[in-house]
Amino acid sequence: MMRSLWTAATGMITQQQNMDVISNNLANVNTTGYKKQRAEFQDLIYQTLREPGAPSGPDTMYPSAMQMGHGDRLSATNRIFTQGNYESTGNKTDMVIDGDGFFQIQMPDGSTGYTRDGSFKLDSTRQIVTSDGYPLIPSITIPENAPSDSITIGADGTVSAQEAGQNAPEQLGQIQVARFVNPAGLSAQGKNIFYQTAASGEPIVTNPGEDGAGTITQGYLEMSNVQVAEEMVNMIVAQRSYESDSKAITTSDQMLEIANNLKR
């Protein structure tokens, strides 16, 4: 009887963690470039009371096992890298990677971060940076006498701008994107930044549109790929599962009370 109490409790703990994942998805429904997470579960260890195929007589055997489960646990929070919807902004430094790949960002500690958030800006030195001031890799700087509305970013990542008094735009640099064999293995660090890990593999750096990498679209942002209706359904399922587990605990407690009140 006590086994059912602990088993149901693991289900309640797991569904609370599931709600944490769902809540984070809903909280980031308007976060640029956010990729939703999916909670994944595993059943826990089983207590085997009888092995399958154990002899039941001289010439017979039991066709099935007798095992008692001990609940479940959260096994992973898998990040889903499907493409989000595009939103037109008209801002010359906003970019979308149409397809596979990440922008490369120079972090303050010298490491490289990776992001799908293309809401870039110009800092005081007119360098292309993120909202937190982290520069794009490779570094690209717009000349002071080149108006911001003259910036052109091609599908292949070439950045050009026309300086005042010139008749033609000047190419200023080349944006490169990084791909990963297993993007779900990247480690999220907040601020829309991912770091590479042993699970993600080494980055495959290439020009946009080459070797399977996506192309660049200027003047758009990729929105979150969270679907509110889907998350609301997941929330209802998690709530009902939590209620069922709590009901199992209540019922087990009532059965224990009946057993304790038995009299000869």
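Please go through region 148-162 and pick out each residue that is part of a strand (DSSP E or B) and either within 24 Å of Q37 (Cα to Cα) or open to solvent by less than 60 Å² (accessible area, probe 1.4 Å) (or both).
Matches in region 148-162: I153, T158, V159, S160, A161.
From the residues in region 32-67 that are modelled with pLDDT of 90 or more, in a loop (DSSP other than H, G, I, E, B) and of a type outside the set (A, V, I, L, M), which one is farthest from the chain's Cα centre (by Cα)?
Among them, the one singled out is T32.
Does I193 satisfy the criteria of being under 20 Å from N78 (Cβ atoms), aliphatic (A, V, I, L, M), open to solvent by less than 40 Å² (accessible area, probe 1.4 Å) and touching a strand residue (DSSP E or B) at 6+ places or on another chain (Cβ under 6 Å)?
Here the answer is yes, as I193 does meet what is asked.
If you go through region 108-130 one residue at a time, how many are surrounded by fewer than 17 Cβ atoms within 10 Å (Cβ to Cβ) and in a loop (DSSP other than H, G, I, E, B)?
Going through region 108-130 one residue at a time, the tally reaches 8.
Per-residue answers, yes or no, for (1) farther than 22 Å from T89 by Cβ; (2) among the β-branched types (V, I, T); (3) assigned to a loop (DSSP other than H, G, I, E, B); (4) open to solvent by 20 Å² or more (accessible area, probe 1.4 Å):
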residue	(1), (2), (3), (4)
A164	yes, no, yes, yes
A168	yes, no, yes, yes
A178	yes, no, no, no
V181	yes, yes, yes, yes
A198	yes, no, yes, yes
G212	yes, no, yes, yes
I216	no, yes, no, no
N225	no, no, yes, no
E230	yes, no, no, yes
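Among all residue pairs at least 6 apart or on different chains, which show Cβ distances below 6 Å where the first residue, located in region 240-256, is of a type in the set (D, E) and the second is assigned to a helix (DSSP H, G or I) and surrounded by 12 or more Cβ atoms within 10 Å (Cβ to Cβ)?
D245/A8; D245/G11; D245/M12
Residue by residue, here is whether (1) under 29 Å from F81 (Cα atoms); (2) open to solvent by less than 60 Å² (accessible area, probe 1.4 Å) holds:
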position: T7; (1), (2): no, yes
position: I22; (1), (2): yes, yes
position: Y34; (1), (2): yes, yes
position: E40; (1), (2): yes, yes
position: L44; (1), (2): yes, yes
position: Q47; (1), (2): no, no
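Do you know which residues across region 95-106 are open to solvent by 10 Å² or more (accessible area, probe 1.4 Å) and within 20 Å of the chain's Cα centre (by Cα)?
D98, G99, D100, Q104 - these are the residues of region 95-106 that are open to solvent by 10 Å² or more (accessible area, probe 1.4 Å) and within 20 Å of the chain's Cα centre (by Cα).
Quick one: how many residues across region 71-94 are in contact with a strand residue (DSSP E or B) (Cβ under 7 Å, 6 or more places away or on another chain) and exposed (fewer than 12 other Cβ atoms within 10 Å of the Cβ)?
1
Does any residue of region 253-262 turn out to be over 30 Å from E144 (Cα atoms), small (G, A, S) and open to solvent by 40 Å² or more (accessible area, probe 1.4 Å)?
Yes, region 253-262 contains a residue that is over 30 Å from E144 (Cα atoms), small (G, A, S) and open to solvent by 40 Å² or more (accessible area, probe 1.4 Å).
Using the structure shown, decide if G190 is under 18 Å from the mean Cα position of the chain (by Cα) and free of Cβ contacts under 8 Å to residues at least 12 places away in the same chain.
Answer is yes for this residue.
Is there any pair linking a residue in region 85-114 that is more than 18 Å from I128 (Cα to Cα) to one that is of a type in the set (S, T, Y), with Cβ under 6 Å and at least six apart or on different chains, and which?
What qualifies is Y86/Y220; S88/Y220; D98/T215; D98/T217.
Name the residues in region 232-252 that are in contact with a strand residue (DSSP E or B) (Cβ under 9 Å, 6 or more places away or on another chain) and open to solvent by 50 Å² or more (accessible area, probe 1.4 Å), would you?
Of everything in region 232-252, just one residue is in contact with a strand residue (DSSP E or B) (Cβ under 9 Å, 6 or more places away or on another chain) and open to solvent by 50 Å² or more (accessible area, probe 1.4 Å), namely N234.
For region 62-70, state whether one or more residues are aromatic (F, W, Y) and open to solvent by less than 60 Å² (accessible area, probe 1.4 Å).
Scanning region 62-70 turns up no residue that is aromatic (F, W, Y) and open to solvent by less than 60 Å² (accessible area, probe 1.4 Å).
The values are calculated or read from the model by the stated rules, or taken from the named source; none is laboratory data. Bear in mind the structure is a predicted one, so any value in this text is a computation, not a measurement. In this analysis, Cβ positions are derived from the backbone assuming ideal geometry, glycine residues included, and neighbour counts consider all displayed protein chains. These area figures cover heavy atoms from the full protein model, side chains too; ligands, DNA and RNA do not enter into them. Shrake-Rupley method; radii C 1.70, N 1.55, O 1.52, S 1.80 Å.
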